[in-house]
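Report on the following structure.
The values are calculated or read from the model by the stated rules, or taken from the named source; none is laboratory data. Just so we're clear, the structure is a prediction, and the values are computed from it rather than from any experiment. All Cβ positions, even for glycine, are placed from backbone atoms using ideal geometry, and neighbour counts span all protein chains on display.
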Amino acid sequence: MDFVQNLVTTFNFILQGVWVTIGVTLVALSVGLVFGVAMAMARVYGNSFLQAVAAVYSVIVRAVPVVVIIFILFFVIARFVNLSPFWAGSLALGFASGAYQSEIFRGAFQAVPPGQMIAARAIGMSKLQAIQSIILPQAVRLALPAWGNEATLVLKDSTLVFVVGVPEILRRAQQVSARTLEPFMAFSVAMLLYLILTLVTTQVLQWFERRYRLQM
Amino acid sequence: MKKHIVMSMLLIAALLALSACTAVQPAAQQPGAAPAEGSGKLAQIKAAGKIVVGTSADYPPYESIDADGNFVGFDMDLIRAIGERLGVEVEIQDMPFDSLIAALQEGKLDAVIAAMQATAEREEKVDFTIPYRMTKDAFAAAQNSTLVMEKPEDAAGHSIGVQTGTVQERWVQENLVATGLTPADKVFSYERADQAALDVANGRIELLLMDAEPAMELAKQTGLKILLITESTAEGGKSIAIPKGASDLKAELDRIIQEMLEDGTIQRIQEANGLP
């Protein structure tokens, strides 16, 4: 009975970190989506300056461990703008994810046959109009499977924001195990929660994939 | 592609230059800025009505989190009592021990209370109050260990676990490894002391060196035995870390701590948390 009681207490305690993890992941994914799509557009359709900026962003950010980016954003940049640990961590994670997402969307943009852009321009659409109404709706659908993979990666990378003091699932598990000295139980609960979150995420994204599949 | 590489390099150089400038900034501020503004750290805290204190809540009985999510332990009770005497609210922020000093330097925290000792290296980065508690260290081993220790140097040659970034880790490095008494690959640095304790209990390492009181607590829970309690590996006592140059805050905290040592408040809080 003692075991069950311990398990329930541990579970309830770590559960409070789930909302933090979900919050960090959602913010990071959204920020990354904005960065990713913008940078991919710059990379594929921009002038040579925009192309260079997007390429440099992608190369540098993907070369640096995410935890280092979180540290830099929280401790260097946040000196000028006062960010809470939650926002600093989430934005940093999003900034990092943006680089990976830009590669996903670059591939998707390039997979749309280039003749469509030429045709759109020929009937008098501006470049931006063409991207908005012809390229992007197809590219987003093409990007979905790879994007779903990135979503689960960001979910797991959300453990890193603890270095700036955000009490997400993993840190909660550490706190319990420091108190109860039962790390196996604490980390098993954490594992279970991550598993559930990942499964739900992939299911939702698969539904989107089916719903918005391209009929070419 | 070559252009990208050149631009990447330039960007990194710019970022480094930026961090170099900003790294100098707090140091440059400290001697003149506080008196010049007439509103030092203490005034800022009083104006805000709260003091933001960092800790690493995985170190019972000094600091941990109870089942309801409250910060508990000796340091936590102490800082709340200090906050009361300062007349401000205490906001506690949990962080990994290694992030605490950086967060304090960057102004994310007003103070750090984490059973931390004022070492020379740390004092280059931050200031410390007077110690609120003198410390001893303990060597712990598994229950079935046949080791006998009379002095800290008796640990020579045995595999030993310490917590990363602690004074104990440095003592081991300087007195056992640098002197050739213990091979470097027999020293294991853990992120948390309880992980080291579990490895001692499981027989993966022979010894654990850490603060005496949490060691006794850990020993009780994981079935270790304490081989030696010593003052010679410890340096002074536990202090509250505050930002470099916050002289008004230091003066006020020193005064409160001295007062609490004299009127028995600290003694009472220690006993309430099961500390000798």
note = Note: among B:Ala201, B:Ala178, B:Ala156, B:Ala184, just one is crowded, with 17+ Cβ neighbours inside 10 Å and small (Gly, Ala, Ser), namely B:Ala201
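For the condition modelled with pLDDT of 90 or more and either crowded, with 19+ Cβ neighbours inside 10 Å or hydroxyl-bearing (Ser, Thr, Tyr) (or both), what is the one hit in A:Ile118, A:Ile123, A:Ile131?
Criteria check complete, one pass: A:Ile131.
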query = Tally time: how many residues in the range A:66-118 are under 24 Å from A:Ala42 (Cβ atoms), touching a residue at least 12 places away in the same chain (Cβ under 8 Å) and hydrophobic (A, V, I, L, M, F, W, C)?
reply = 17
ask   = Out of B:Gly180, B:Gly223, which single residue is farther than 27 Å from B:Met95 by Cα and away from chain A (no Cβ under 14 Å)?
value = B:Gly180
inquiry  = Can you pull out every residue in the range B:207-224 that is modelled with pLDDT of 90 or more and touching a strand residue (DSSP E or B) at 6+ places or on another chain (Cβ under 6 Å)?
reply    = B:Leu207, B:Leu208, B:Leu209, B:Leu224
ask   = In the range A:147-202, which residues are aromatic (Phe, Trp, Tyr), within 16 Å of B:Leu198 (Cβ to Cβ) and in contact with a helix residue (DSSP H, G or I) (Cβ under 7 Å, 6 or more places away or on another chain)?
value = A:Phe187
In the range B:38-61, the residues that are small (Gly, Ala, Ser) and either surrounded by 15 or more Cβ atoms within 10 Å (Cβ to Cβ) or touching a strand residue (DSSP E or B) at 6+ places or on another chain (Cβ under 8 Å) (or both) = B:Gly40, B:Gly49, B:Gly54, B:Ser56, B:Ala57
message = I need a count of the residues in the range A:122-151 that are farther than 18 Å from A:Ala42 by Cβ and among the charged types (D, E, K, R).
response = 2
inquiry  = Are there helices (runs of 4 or more DSSP H) fully within the range A:101-216 with at least 3 residues that are aliphatic (A, V, I, L, M)? List them.
reply    = A:114-122, A:136-157, A:169-180, A:183-211
request  = Give the number of residues within the range B:97-128 that are over 22 Å from A:Phe162 (Cα atoms), part of a loop (DSSP other than H, G, I, E, B) and either within 13 Å of chain A (Cβ to nearest Cβ) or touching a strand residue (DSSP E or B) at 6+ places or on another chain (Cβ under 7 Å) (or both).
outcome  = 2
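Yes or no, residue by residue, for (1) on the phi > 0 side of the Ramachandran plot; (2) within 11 Å of chain B (Cβ to nearest Cβ); (3) in contact (Cβ under 8 Å) with a residue 60 or more places away in the chain:
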site	(1), (2), (3)
A:Leu144	no, no, yes
A:Val166	no, yes, yes
A:Arg171	no, yes, yes
A:Thr180	no, yes, yes
A:Phe184	no, yes, no
A:Ile196	no, no, no
request  = Those residues that are among the hydroxyl-bearing types (Ser, Thr, Tyr) and under 13 Å from A:Asn149 (Cα atoms), I need them from the range A:171-206; list them, please.
outcome  = A:Thr198, A:Thr201, A:Thr202
key: Selected residue (criterion: nearest to B:Thr166 (Cα to Cα)) from residues of the range B:44-75 that are among the acidic types (Asp, Glu) and within 9 Å of chain A (Cβ to nearest Cβ)   = B:Asp58
ask   = Do we have any residue at all in the range B:137-154 that's part of a loop (DSSP other than H, G, I, E, B), in contact (Cβ under 8 Å) with a residue 60 or more places away in the chain and within 18 Å of the chain's Cα centre (by Cα)?
value = no
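Which residue, of B:Gly157, B:Gly161, is over 22 Å from B:Thr222 (Cα atoms) and in contact (Cβ under 8 Å) with a residue 24 or more places away in the chain?
B:Gly157
For the range B:29-40, does any single residue satisfy the condition of being at pLDDT 90 or above and either assigned to a helix (DSSP H, G or I) or within 13 Å of chain A (Cβ to nearest Cβ) (or both)?
Looking through the range B:29-40, none of the residues is at pLDDT 90 or above and either assigned to a helix (DSSP H, G or I) or within 13 Å of chain A (Cβ to nearest Cβ) (or both).
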ask   = In the range B:165-173, is there at least one residue being in a loop (DSSP other than H, G, I, E, B), more than 14 Å from chain A (Cβ to nearest Cβ) and within 23 Å of the chain's Cα centre (by Cα)?
value = yes
inquiry  = Tell me the residue from B:Leu78, B:Leu86 that is buried (at least 22 other Cβ atoms within 10 Å of the Cβ), over 14 Å from the mean Cα position of the chain (by Cα), more than 10 Å from every other protein chain (Cβ to nearest Cβ) and at pLDDT 90 or above, please.
reply    = B:Leu78
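Hey, could you check the range A:59-75 for residues that are part of a helix (DSSP H, G or I), more than 9 Å from chain B (Cβ to nearest Cβ) and farther than 16 Å from A:Thr159 by Cα and say which is modelled with the lowest pLDDT?
Ranking the candidates gives A:Leu73 first.
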inquiry  = Considering only residues that are part of a strand (DSSP E or B) and away from every other protein chain (no Cβ under 14 Å), which ones fall in the range B:183-199?
reply    = B:Val187, B:Phe188, B:Ser189
